[in-house]
Amino acid sequence: MRLVLVGPPGAGKGTQAQFLAAHFSIPHISTGDIFRANLKGNTPLGIEAKKFMDKGELVPDSVTNDMVKDRLNQGDLENGFLLDGYPRNVAQAEVLRAILAEKGTPLHAALELSVNNEEIISRLSGRRSCSNCQRPFHIENEKPAVEGACDNCGSPLIQREDDKAEVIKRRLEVYAEQTEPIISFYRNEGLLITISATGAVNEITESAIAALSRVK
């Protein structure tokens with residue numbers, strides 16, 4: 001199974017990616033992990049990316065594409081892969097198509113986790129984490145025993161800057177402008193599968209597995 005996972009921030013891509021990768025026995029390839037590995041390993045691509053990151057600039061698509069291509073050429077992908085966080089725009093999607101065509105291993109599907117903006121804002125703006133041990137909480141779904149304090153160590157709970165409502169709204173705007181067009185791209189390719197990402201985590205996983213199991 002060669003799979004791309006798409007959806008807005010807060011759709012649960014990271015969580016579902018882990019379960020789906022385990023179910024289909026394929027590597028979960030996260031662009032965040034790829035970047036960290038190249039930076040930690042001080043690879044030529046990592047050095048190139050760091051030049052832009054040190055200046056507070058976005059890493060160009062060309063560098064990101066090369067990192068992904070390098071990862072897709074590694075020898076642990078016999079059963080396929082699940083890409084999470086890439087492609088982020090249509091240009092990257094076209095590059096990925098070309099990389100896989102060259103290898104003779106096209107995608108089987110692009111799985112879209114669909115969830116409305118109101119739900120996303122509620123999910124993300126309600127997240128809190130311990131200022132000491134980083135344990136996560138949620139003001140509605142996973143409340144601490146004592147409001148504002150960590151169950152583990154009693155330290156104050158904090159809200160990340162990018163989980164504040166105004167920041168989330170901007171992240172959703174950026175997603176709509178830059179990433180959402182890849183949904184139409186994969187629909188036109190005949191690869192798009194859309195499932196609802198609202199509800200219990202295990203139910204979403206079951207829906208995804210059922211939909212993907214019909215892919216030929």
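Take the residues in the range 82-106 that are acidic (Asp, Glu) and open to solvent by 60 Å² or more (accessible area, probe 1.4 Å); name whichever of them is farthest from the chain's Cα centre (by Cα).
Applying the first criterion (acidic (Asp, Glu)) to the range 82-106 yields 84, 94, 102.
From what is left, the residues that are open to solvent by 60 Å² or more (accessible area, probe 1.4 Å) are 94, 102.
On the way: Glu94: 18, Glu102: 25 Å.
Top of the filtered list is Glu102.
The set of residues in the range 151-188 being touching a helix residue (DSSP H, G or I) at 6+ places or on another chain (Cβ under 8 Å) and farther than 28 Å from Cys133 by Cβ consists of Lys169, Leu172, Pro181, Ile182, Phe185, Tyr186.
Can you pull out the residues in the range 27-36 that are touching a helix residue (DSSP H, G or I) at 6+ places or on another chain (Cβ under 8 Å) and outside any strand (DSSP E or B)? Talk me through it step by step, then tell me what you get.
Looking only at the range 27-36, we keep the residues that are touching a helix residue (DSSP H, G or I) at 6+ places or on another chain (Cβ under 8 Å), and these are 27-31, 34-35.
Residues satisfying the conditions are Pro27, Thr31, Ile34, Phe35.
Taking Thr179, is it in contact (Cβ under 8 Å) with a residue 60 or more places away in the chain, more than 20 Å from Leu96 (Cα to Cα) and not aromatic (Phe, Trp, Tyr)? Judged against the criteria, Thr179 is not a match. Within the range 16-42, being over 30 Å from Ala208 (Cα atoms) and either under 17 Å from the mean Cα position of the chain (by Cα) or open to solvent by 40 Å² or more (accessible area, probe 1.4 Å) (or both) holds for Leu39, Lys40, Gly41, Asn42.
If we scan the range 59-68, do we find a residue that is in a loop (DSSP other than H, G, I, E, B) and not small (Gly, Ala, Ser)? Yes, the range 59-68 contains a residue that is in a loop (DSSP other than H, G, I, E, B) and not small (Gly, Ala, Ser).
Considering Val59, Val68, which residue is modelled with pLDDT of 90 or more and either touching a strand residue (DSSP E or B) at 6+ places or on another chain (Cβ under 9 Å) or open to solvent by 20 Å² or more (accessible area, probe 1.4 Å) (or both)? Give the steps one after another, and end with the answer.
Numbers: Val59 fails: modelled with pLDDT of 90 or more.
Residue meeting the stated conditions: Val68.
Consider Gly75 carefully, then state whether it is over 22 Å from Tyr186 (Cα atoms), out of contact with any helix residue (DSSP H, G or I) (no Cβ under 8 Å at 6 or more places or on another chain), open to solvent by less than 40 Å² (accessible area, probe 1.4 Å) and of a type outside the set (Phe, Trp, Tyr).
Numbers: over 22 Å from Tyr186 (Cα atoms): yes; out of contact with any helix residue (DSSP H, G or I) (no Cβ under 8 Å at 6 or more places or on another chain): yes; open to solvent by less than 40 Å² (accessible area, probe 1.4 Å): no; of a type outside the set (Phe, Trp, Tyr): yes.
Considered against the rule, which asks whether it is over 22 Å from Tyr186 (Cα atoms), out of contact with any helix residue (DSSP H, G or I) (no Cβ under 8 Å at 6 or more places or on another chain), open to solvent by less than 40 Å² (accessible area, probe 1.4 Å) and of a type outside the set (Phe, Trp, Tyr), Gly75 comes out as no.
Screening the candidates Glu102, Glu142, Glu173, Glu78 for the property of being within 26 Å of Ala200 (Cβ to Cβ) and free of Cβ contacts under 8 Å to residues at least 24 places away in the same chain yields one hit, Glu142.
Is it true that Lys50 is farther than 25 Å from Met1 by Cα and either buried (at least 17 other Cβ atoms within 10 Å of the Cβ) or at pLDDT below 90 (or both)? Here the answer is yes, as Lys50 does meet what is asked. Restricting attention to the range 97-110, does a residue exist that is out of contact with any Gly (no Cβ under 9 Å at 6 or more places or on another chain), outside any helix (DSSP H, G or I) and of a type in the set (Lys, Arg)? Taking every residue of the range 97-110 in turn, none turns out to be out of contact with any Gly (no Cβ under 9 Å at 6 or more places or on another chain), outside any helix (DSSP H, G or I) and of a type in the set (Lys, Arg).
When Ser122, Ser114 are screened for being farther than 27 Å from Ala49 by Cα, modelled with pLDDT under 90, open to solvent by 40 Å² or more (accessible area, probe 1.4 Å) and of a type in the set (S, T, N, Q), only Ser122 passes.
The values are calculated or read from the model by the stated rules, or taken from the named source; none is laboratory data. These figures come from a predicted structure and were not determined experimentally. No Cβ is skipped: glycine too gets one built from the backbone with ideal geometry, and neighbour counts run over all protein chains shown. Accessible surface areas use protein heavy atoms only, side chains included; no ligands, DNA or RNA. Shrake-Rupley method; radii C 1.70, N 1.55, O 1.52, S 1.80 Å.
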